[in-house]
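The values are calculated or read from the model by the stated rules, or taken from the named source; none is laboratory data. Please read these numbers as outputs of a predicted model, since none were measured by experiment. As a convention, Cβ positions derive from the backbone with ideal geometry for all residues, glycine included, and neighbour counts pool all protein chains shown. Calculation scope for accessible area: heavy atoms of the full protein, side chains included, ligands and nucleic acids excluded. Shrake-Rupley method; radii C 1.70, N 1.55, O 1.52, S 1.80 Å.
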Amino acid sequence: MAEEEAVRVLGFLPSPFALRVEWALNFKGINYEYKDEDIHNKSPELLKYNPVHKKIPILLHGSKPVVESLVIMEYIEETWPQSPILSKDPYERAMSRFWAKYGEDKCIPALFGFFTKQGEEELVESLKTLEKGLNGKKFFAGETIGFTDIALGWIPVWLKISQEILGENLINEQTHPLFYAWSRDFLDHPVIKEKLPPYDMLLAQCQAVHDRLLASSKP
Ligand SMILES: N[C@@H](CCC(=O)N[C@@H](CS)C(=O)NCC(=O)O)C(=O)O
């Protein structure tokens with residue numbers, strides 16, 4: 001049976017995209033083997049299984065590779081229906097996908113722009129808009145964690161690190177109270193908490209990326 005085939009994840013420890021995949025698998029209680037890749041020196045396996053984008057994460061189910069983290073999350077949901085992360089209702093599912101896509105299209109560039117000091121306004125606005133998606137609920141899907149939460153859950157972690165590196169407090173409990181309450185509840189979930197990369201390690205990695213980016217932008 002398909003469900004009994006071995007599951008592997010090729011990831012890279014600080015990657016928010018790989019983190020999503022591991023969160024989704026852990027949420028459903030799926031056993032998997034994790035292999036950490038060096039994205040600066042890509043393995044033959046990485047290049048074989050993602051020849052199009054040459055990126056992690058890659059989910060291997062038996063010999064079948066699936067790539068692109070949101071696509072992988074959908075595959076996980078369809079393959080292992082226990083502890084569902086998408087509603088049975090088509091409209092609710094569409095809303096979950098909409099806010100996950102909003103995170104990709106708006107929040108990632110906004111956070112990157114903030115991190116590289118290209119502007120703050122987009123981040124303030126995109127997180128305010130994200131609060132509208134919560135619409136008074138604890139999580140995007142309601143009382144329990146779902147697809148959108150898992151897709152967006154990396155944002156508070158990387159935001160905290162970015163603010164620490166930049167010495168800023170742009171986004172806080174006063175400016176974005178709903179976003180903060182959601183972040184706290186999400187990161188406090190036992191499955192999510194258990195799979196968070198060590199903060200100091202992430203901070204050191206992001207600091208190095210930040211220094212490299214700023215050095216390369218100097219004339
Ligand atoms: N849209 C992709 C993004 C994946 C991605 O950007 N992965 C990065 C690591 S965080 C990577 O493998 N980079 C290698 C490269 O760009 O060559 C997804 O959601 O899976």
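Criterion first (polar (S, T, N, Q) and part of a loop (DSSP other than H, G, I, E, B)) does Gln118 satisfy it? Yes; evaluated as a whole, the condition is true for this residue.
When Val209 is tested against (1) without any contact (Cβ under 8 Å) to a residue 12 or more places away in the chain; (2) under 24 Å from Lys101 (Cβ atoms), exactly one condition is not met: (2). Selection of helices (runs of 4 or more DSSP H) fully inside region 172-219 by the criterion of at least 3 residues being farther than 26 Å from Lys132 by Cα, open to solvent by 60 Å² or more (accessible area, probe 1.4 Å) and not assigned by TED's automatic domain parsing to the domain that holds Gly29 returns 199-217. Among the residues of this structure, Ser63 does not count as one that is farther than 24 Å from Val209 by Cα, among the polar types (S, T, N, Q) and open to solvent by less than 60 Å² (accessible area, probe 1.4 Å). Scanning region 106-135 for residues that are under 15 Å from Leu70 (Cβ atoms) and open to solvent by less than 80 Å² (accessible area, probe 1.4 Å) gives Cys107, Ile108.
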